[in-house]
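Since the structure comes first, as C-alpha cells, the remarks are kept for the end.
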Amino acid sequence: MFRGYPKWFWALAAGALLLSAVPYLFALAIQPEGTLYLGVHSNFDDHAVYAAWAKQAQEGRFFFENRFTTDRQPSLTVNFYFFLVGNMARIAGLPLAMHLAKAAFGLLFLMALYRLARRLGGSELSTAIAMATAIFGAGIGWLFWRRYGLEGPTDVWQPEAFTFPSLMQNGLFCAALWLICVVWNCILDAEESWRPVLPGAAAALVLTNIHTYDMLTIAIGAAGLLMTTKRATGVWVGRSVCIALGALPAIAWFVYVRANDPVFLARSETPTFSPPFLEVVQGYLPLLALAVAAVSLWISRRAAYGLIALVGGMLLVQASADHAGNSAWLGVLGWGLLFIAGLAVCYLARTENSIYGLLFAWAVMGFIALYYPGLFQRKLAMGLSIPLGLMAGWAIAQFCSKISIRDRAPIAAVFVGAVSISSMRWVIREAQMAADNISNTTVEKIYWSEEVARMLTYFQKNTRPNDAVLAMPGVPLQDEEEIVVGIPDLNPVLTGWAGVKSWAGHWSETPDYVDRRNALTRGLYSKGSTVESAGAIIR
C-alpha cells in the first residue's frame with residue numbers, strides 16, 4: 001500500500017499534514033490551566049454534529065438518531081465514517097479520535113492525489129509542483145480577508161472547496177476527498193481492465209454513504225469526461241457504469257430514510273445555496289488563469305477560449321439577474337442550458353489523453369455543479385480545487401522547464417507560494433482564534449471552563465435516552481471590530497461531546513431552529529420570562 005511513492009512525496013505529505021495541525025498544536029501550547037480544549041476552532045456547531053454521530057458509535061450504536069432535537073424519530077441514519085471514529089473514540093476519546101481520523105484520511109487522500117498527479121507525466125519535479133499547487137493553491141481572498149462571516153471570495157470562508165483548509169478542518173472532508181480521488185482513479189484505470197471496478201464501486205458506496213452529494217458532482221463531471229475523451233469505448237463506459245452502480249445501495253437507503261424520518265427530511269432540506277459566482281471566481285482566480293494556460297497548451301486554444309466564455313457568460317447571467325433583483329438566478333431550465341453549454345465546451349477539449357480530459361471536465365462541470373437547482377448547492381464545491389490545482393501546477397512546471405535546471409525548484413516555489421497565500425492565512429486565523437478564545441461562530445469558545453468540563457462528565461455518566469438540555473442560545477458582544485463571546489452556546493457542546501439531546505441545538509440539524517431559539521430565549525431566559533412561559537418551553 002505504501003510502496004511506489006518517492007521520498008519527496010512523503011516529505012510533502014508530512015509537511016502539509018503538520019502545517020494543517022499547527023493551529024491545534026499552538027492551541028495546546030497556550031491552553032490556560034484548568035480549561036477544557038475540544039480541538040475545534042472553526043464551524044464549531046458543525047463539528048458538534050460530527051461529534052454527536054461519533055458519540056453514538058462510541059456508545060455501541062450502528063443506527064444513529066439526530067440528538068439536536070427532541071422530536072420523535074426512527075433512528076435510521078447510518079454513516080460508516082462516524083461509526084469508525086466513534087469506535088476509535090472508545091480508546092482515544094472523542095477529541096483525539098477526530099484528529100487522528102483527520103490525519104489518517106488526510107494521508108490517504110494525499111496518496112490518492114499523487115496517483116492522479118502522476119498521470120500527468122513529466123519529471124518528478126513536475127509532479128511535485130502539480131501536487132503542491134493542488135494542496136495549497138487558492139485564490140485572491142487574502143486581499144479581502146475577514147475573521148467572521150460567509151462573504152467575500154470563497155477561499156476566505158469555504159473550507160470544503162479547497163484542499164488545504166479541508167485537511168485542516170475535519171476528517172470527514174479528508175475521507176470524502178480520498179474517496180473522490182479513488183473513484184476517479186478507478187474510472188481511469190477501468191479503461192484497460194475490469195480489475196479496478198470492484199474497489200471503485202466500494203469507494204462509490206462509502207462516499208455516497210458518508211458525503212452523499214459528492215457522487216452527484218462525480219456524475220456531472222463524468223458526463224463531461226465522456227465528451228472530452230476520444231478514447232471512450234463501450235467497454236470502458238460499461239465498466240465506469242459498474243463503478244457508479246456501487247452507489248445505488250447507499251442512495252436507496254438515503255431515499256428510504258428521507259421518506260420515513262421527518263427529522264432527517266427537514267435536515268436534508270436546509271438551504272445551503274452557493275455564493276455569487278464572482279466570489280467563486282475570485283476564490284480560484286490564480287488557479288483558473290493558470291489552468292486556462294495549461295488547457296491552451298495540452299488540448300487546444302478553442303477549449304481554453306470556451307472555458308473563458310463559459311465563466312464570462314455565467315458572470316454576465318448572474319449580474320443581469322442580480323440587477324433585476326432575482327436572487328434565484330438559475331432555475332431548472334437555466335441550469336439545464338448551462339449543463340449543455342458545459343458539455344459543448346468539454347467537446348471542444350476532446351483529447352486522446354484521459355487525464356487531461358478528466359481534469360478539464362471536472363473543472364468545467366464542477367463550476368456548473370455549484371448551481372445545480374437544489375437546496376444543497378454549496379456542498380457540491382467539494383474538491384473543485386483539485387483539477388484546477390493540478391492543471392495550474394502543470395502550467396507552472398511547463399514554464400519552469402524552459403529555464404535552467406538550477407533555478408527551476410526555487411522559481412517553482414515562488415509560483416506555488418504566490419497562489420497559496422490564502423491557505424497560509426487559514427493557519428494564522430485558526431491560531432488567532434485560540435489566542436482570542438473565540439470560535440468563528442462567535443458564540444462558542446476554544447477553551448471551556450472547568451465548570452463545562454464537569455457538565456460534560458456528569459451528562460456522559462447520567463444521561464437517559466429522553467433527557468434534553470435547554471441551554472441559553474449563545475450571545476456575541478461586538479464593540480466596533482472586536483467580538484467576544486458574551487454568553488457561550490452550550491447546546492452543541494453538550495449534545496456533541498456528552499450525547500444529551502438539545503431542543504434548539506443547531507441551525508441545520510434542529511427543525512425550525514430559528515423559531516425554537518427565539519422561543520427558548522423569550523420563554524426561559526429573557527427579562528419577560530415567567531413560570532408559565534418556562535413551563536411551556538419545558539413541556
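The values are calculated or read from the model by the stated rules, or taken from the named source; none is laboratory data. Because the structure is a prediction, the values reported are computed rather than measured. Using ideal geometry, Cβ is built from the backbone for each residue, glycine included, and neighbour counts are taken over all protein chains shown. Accessible surface is based on the protein model in full, side chains and every heavy atom, while ligands, DNA and RNA are left aside. Shrake-Rupley method; radii C 1.70, N 1.55, O 1.52, S 1.80 Å.
Remarks
- Single residue of region 437-457 satisfying the filter (in contact (Cβ under 8 Å) with a residue 24 or more places away in the chain and among the charged types (D, E, K, R)) that is least open to solvent (accessible area, probe 1.4 Å): GLU444
- The listed residue being under 27 Å from LEU470 (Cα atoms) and aliphatic (A, V, I, L, M), out of LEU96, LEU84, LEU76: LEU76
- Among the residues of region 479-516, those identified as over 25 Å from VAL85 (Cα atoms), out of contact with any Ser or Thr (no Cβ under 8 Å at 6 or more places or on another chain) and not hydrophobic (A, V, I, L, M, F, W, C) are ASP479, GLU480, GLU481, GLU482, GLY486, PRO488, ASP512, TYR513, ASP515.
- Those helices (runs of 4 or more DSSP H) of region 1-110 that lie entirely within it include none in which at least 2 residues are surrounded by fewer than 17 Cβ atoms within 10 Å (Cβ to Cβ) and acidic (Asp, Glu).
- Looking across region 514-536, the residues that are open to solvent by 30 Å² or more (accessible area, probe 1.4 Å) and either in contact with a Gly (Cβ under 8 Å, 6 or more places away or on another chain) or outside any helix (DSSP H, G or I) (or both) come down to ARG522, SER526, LYS527, GLY528, SER529, THR530, SER533, ALA536.
- Contact annotation: residue pairs with Cβ atoms under 8 Å, 6 or more positions apart or on different chains, pairing a residue in region 501-514 that is in contact (Cβ under 8 Å) with a residue 12 or more places away in the chain and among the β-branched types (Val, Ile, Thr) with a partner that is part of a loop (DSSP other than H, G, I, E, B) and open to solvent by 20 Å² or more (accessible area, probe 1.4 Å), are THR510/TRP503.
- Close Cβ contacts (under 6 Å, 6 or more residues apart or on different chains) running from residues in region 79-103 that are touching a residue at least 24 places away in the same chain (Cβ under 8 Å) and more than 20 Å from LEU36 (Cβ to Cβ) to residues that are open to solvent by 20 Å² or more (accessible area, probe 1.4 Å) and not in a helix (DSSP H, G or I) are absent.
- Restricting attention to region 404-423, the residues being under 29 Å from LEU150 (Cα atoms) and without any contact (Cβ under 8 Å) to a residue 12 or more places away in the chain number 1.
- ALA176 passes every criterion in (1) modelled with pLDDT under 95; (2) touching an Asp or Glu at 6+ places or on another chain (Cβ under 8 Å); (3) among the aliphatic types (A, V, I, L, M) apart from (1).
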